[in-house]
Structures are given as C-alpha cells and as structure tokens.
1. Answer yes or no as to whether K38 is farther than 30 Å from L123 by Cβ, of a type in the set (K, R) and modelled with pLDDT of 95 or more.
2. I'd like to verify a number: residues in the range 216-233 that are crowded, with 20+ Cβ neighbours inside 10 Å, aliphatic (A, V, I, L, M) and either without any contact (Cβ under 8 Å) to a residue 60 or more places away in the chain or in a strand (DSSP E or B) (or both), how many?
3. Between residues in the range 61-74 that are touching a residue at least 40 places away in the same chain (Cβ under 8 Å) and over 19 Å from Q124 (Cβ atoms) and residues that are hydroxyl-bearing (S, T, Y) and open to solvent by 40 Å² or more (accessible area, probe 1.4 Å), which pairs lie under 8 Å by C-beta distance while being six or more apart or on different chains?
4. Here are some residues: I8, I15. Which one is more than 25 Å from H211 (Cβ to Cβ), assigned to a loop (DSSP other than H, G, I, E, B), β-branched (V, I, T) and in contact with a helix residue (DSSP H, G or I) (Cβ under 8 Å, 6 or more places away or on another chain)?
5. Tally the residues that are open to solvent by 50 Å² or more (accessible area, probe 1.4 Å) and in contact with a helix residue (DSSP H, G or I) (Cβ under 8 Å, 6 or more places away or on another chain), restricting the search to the range 106-127.
6. Restricting attention to the range 50-103, which residues are loosely packed, with under 15 Cβ neighbours inside 10 Å and either part of a loop (DSSP other than H, G, I, E, B) or modelled with pLDDT of 95 or more (or both)?
7. Out of everything in the range 177-215 that is under 16 Å from V99 (Cβ atoms) and in a helix (DSSP H, G or I), what residue ends up being most open to solvent (accessible area, probe 1.4 Å)?
8. Quick check on the range 128-146. Is at least one of its residues at pLDDT below 70 and part of a loop (DSSP other than H, G, I, E, B)?
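The values are calculated or read from the model by the stated rules, or taken from the named source; none is laboratory data. Since the model is a prediction, treat every value here as computed from it, not as a measurement. In this analysis, Cβ positions are derived from the backbone assuming ideal geometry, glycine residues included, and neighbour counts consider all displayed protein chains. Quick note on the areas: whole protein, heavy atoms, side chains included, nothing else; ligands and nucleic acids left out. Shrake-Rupley method; radii C 1.70, N 1.55, O 1.52, S 1.80 Å.
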Amino acid sequence: MNNLNMKIDKKDTDILWEIFRNSRVSLSEISKKVNLPKPTIKYRIDQLKKKGVLRKTYSVFNRELFHFTGYEVFIKLQGIPEESEQKAIEKIKKNPFVVWFVRLSGRFNFLCAIFTRNSAQFLQAYDEIKSAFDPYVRELALNLRVKSRRYPYPFFKGKSIQRNYPTPSSENIVLSEKQIKILALLSDNSQTHIIDIARKAKLSEKTVRTHIAYFEKEGIILRHTAELDPTRV
C-alpha cells in the first residue's frame, strides 16, 4: 500500500454510500442523512476524490434499448513495466466502446467491459486491447454479458439496494442529438450540474430537467452511481 491510501471512518462510509446509491444526491440531502454540515461533507468528498477512493461518478443507461451487446474481457499480464502499463490503460480507456476498466486481484489483472452494436466494433476494441498490452499479454478470457451482478464494496457490509427498473413503454426509442448529448455528459460525470448540462447541450435548464426525468421514467437511465477503489482504503 502506498501513501495515497487513507483511512475512512463511518461518516466517510455513509457519505460514499449515499453517493453510490444515487450520485446526483445533493450536499443538503447527504447532510441530513449523515448529520454533518455541508462544508464538512464537501471537504470529505474532496479528500475521497483526491486520494482516489471515489474515482468517478456516472449514470448507467440501458444499452439494450439501443441494441448494444456487452462483453467482458479478462486480461492477465506478465512482466509489464509500470510506465507501459499506465500508457496502455490510458489508451484503452479512450476507446469509445470501452465502458468499464478495472484492476482485479487473483488470476487476472484487469477486467474490461465492452459494449458494441456489431461484431466489427467488438473486434476493433478487442484488437486494441491486445495491441495496447503487447507483448505482455499471457491470457485473455472472453465472457458474453447476458446477465450481470454487481458485487458490493467491502466497506458497505450490511447495506443493499433494491432496484425495480421501469419497463420502457416502447422498444423503438429514438433520441434527439440534444438528448444524446445529455446522456453522454451524465455517463461521463453524473454529478454535472444542470446549469453546465444546459450550457453544453444548448438547452434551457427546465428542458434538461424534463429530459432527465423522462430518461429515468422510461428506464433509459437505470441509475446514477459511483466507481470506488477499495484498494485505496
């Protein structure tokens, strides 16, 4: 463990839980739940981000509605220098079809989740993963994602979320360019403020709120959540 690791107490854990279960939660709402003033909440969140415990927040949208197929690529490496590994990771994360890339412990070093609409897109992403780590790849395992289960983080013992996702009213949902822009912004950072989304999407704040409410009601957005790094704790 390095000096970036930090100790987290129950208040930190409670804050992380609120963000994990809904990353668009406001500081005021977190303050009420964990019984701390907003400035303290903000300071703790900033520290959790700085130390890498809270890696990012993002919105998860229902890719199946848009005919995406999910794949999981498990990667085992051997003898790769740290600098080469970091360059490869940064390159892979820029691939438009890679939606999740995490470090593992055990048999494999990394898990990469890929969502594509056809086999050509998948092969493009898969070949880029192999070439990025070449010649240090010792094993690649592929899993077709039919049904997934999200395993809890170790510091959330005893906590669980019951999710009942709405059934879309139509299987042929067509989104406008503006709506896609909103989804892209939320997928990149679910804590993006409504004002910033409105400015970047060139829409009014009221329209942005209406679109997000529609996404949630129709099951286009499944959840707003966070990616955490338990190895930093």
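1. On the way: farther than 30 Å from L123 by Cβ: yes; of a type in the set (K, R): yes; modelled with pLDDT of 95 or more: yes.
It is true that K38 is farther than 30 Å from L123 by Cβ, of a type in the set (K, R) and modelled with pLDDT of 95 or more.
2. So the count comes out to 3.
3. These pairs meet every condition: N62/Y165.
4. Details: I15 fails: assigned to a loop (DSSP other than H, G, I, E, B).
Exactly one residue qualifies, and that residue is I8.
5. Going through the range 106-127 one residue at a time, the tally reaches 1.
6. H67, Q78, G79, P81, K94, P96
7. D188
8. So far as the range 128-146 goes, yes, one or more of its residues are at pLDDT below 70 and part of a loop (DSSP other than H, G, I, E, B).
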